[in-house]
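The values are calculated or read from the model by the stated rules, or taken from the named source; none is laboratory data. No experiment lies behind these values; they were computed from the predicted model shown. Reconstructed Cβ throughout: ideal geometry from the backbone, glycine too, with neighbour counts over all protein chains shown.
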Amino acid sequence: MYGAGNKPKSVQRGNKKYEGSLMLLKSDFDALNKAAIDAGFDDISDVPASKIDATVVYQITEESKLQTATLRGVEFTEFEDGMKQGDKFKEITLPFICLDVTIA
């Protein structure tokens, strides 16, 4: 942060941004999308962030403890439907943004 003069007055941090993507099998995507449609939305990308929180459990190495991340205010921005040559299963990628991530 700068004030009067040509030298900085302090260092401030920028805005945080939480985003990622979720890869699902087509059958799991269809179940989520159907739930969104049954709730009155056009598809999963129309569900507002206030309606979706997600919990992700992962392990970095086989020796490490399980990590849990809670994503609050998740909104899926789009979905990519397609297959690559040699794929045995159809996978759907759901890019998302969210309001906060807490890791426990």
Condition check for Leu71: modelled with pLDDT under 95, surrounded by 12 or more Cβ atoms within 10 Å (Cβ to Cβ) and not in a loop (DSSP other than H, G, I, E, B)
no
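Go through the range 1-19 residue by residue and tally those that are assigned to a strand (DSSP E or B) and out of contact with any strand residue (DSSP E or B) (no Cβ under 6 Å at 6 or more places or on another chain). Break it down into steps so the answer makes sense when it comes.
Of the range 1-19, the ones assigned to a strand (DSSP E or B) are 2, 8, 18-19.
Within this subset, residues satisfying the condition of being out of contact with any strand residue (DSSP E or B) (no Cβ under 6 Å at 6 or more places or on another chain) are none.
Of the residues in the range 1-19, 0 are assigned to a strand (DSSP E or B) and out of contact with any strand residue (DSSP E or B) (no Cβ under 6 Å at 6 or more places or on another chain).
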Is it the case, given these coordinates, that Gly5 is modelled with pLDDT under 90 and on the phi > 0 side of the Ramachandran plot?
yes
For the range 39-47, check the following and say yes or no: at least one residue is within 19 Å of Ala104 (Cβ to Cβ) and not acidic (Asp, Glu).
no
Among the residues of the range 48-68, write down those that are touching a strand residue (DSSP E or B) at 6+ places or on another chain (Cβ under 6 Å), loosely packed, with under 14 Cβ neighbours inside 10 Å and part of a loop (DSSP other than H, G, I, E, B).
Leu66
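Inside the range 55-80, can you point out the residues that are of a type outside the set (D, E, K, R) and touching a residue at least 24 places away in the same chain (Cβ under 8 Å)? Break it down stepwise before answering.
Narrowing the range 55-80 to residues of a type outside the set (D, E, K, R): 55-61, 64, 66-71, 73-74, 76-77, 79.
Correct list: Gln67, Thr68, Ala69, Thr70, Leu71, Gly73, Val74, Phe76, Thr77, Phe79.
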Kindly check whether there is at least one residue in the range 24-39 that is surrounded by 14 or more Cβ atoms within 10 Å (Cβ to Cβ), assigned to a strand (DSSP E or B) and polar (S, T, N, Q).
no
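What are the residues in the range 1-18 that are surrounded by 10 or more Cβ atoms within 10 Å (Cβ to Cβ) and touching a residue at least 24 places away in the same chain (Cβ under 8 Å), if any? Before the answer, list the steps.
Going residue by residue through the range 1-18, those that are surrounded by 10 or more Cβ atoms within 10 Å (Cβ to Cβ) are 8-9, 18.
The answer is Tyr18, and nothing else.
In the range 8-39, how many residues are farther than 30 Å from Phe89 by Cβ and modelled with pLDDT of 90 or more?
1
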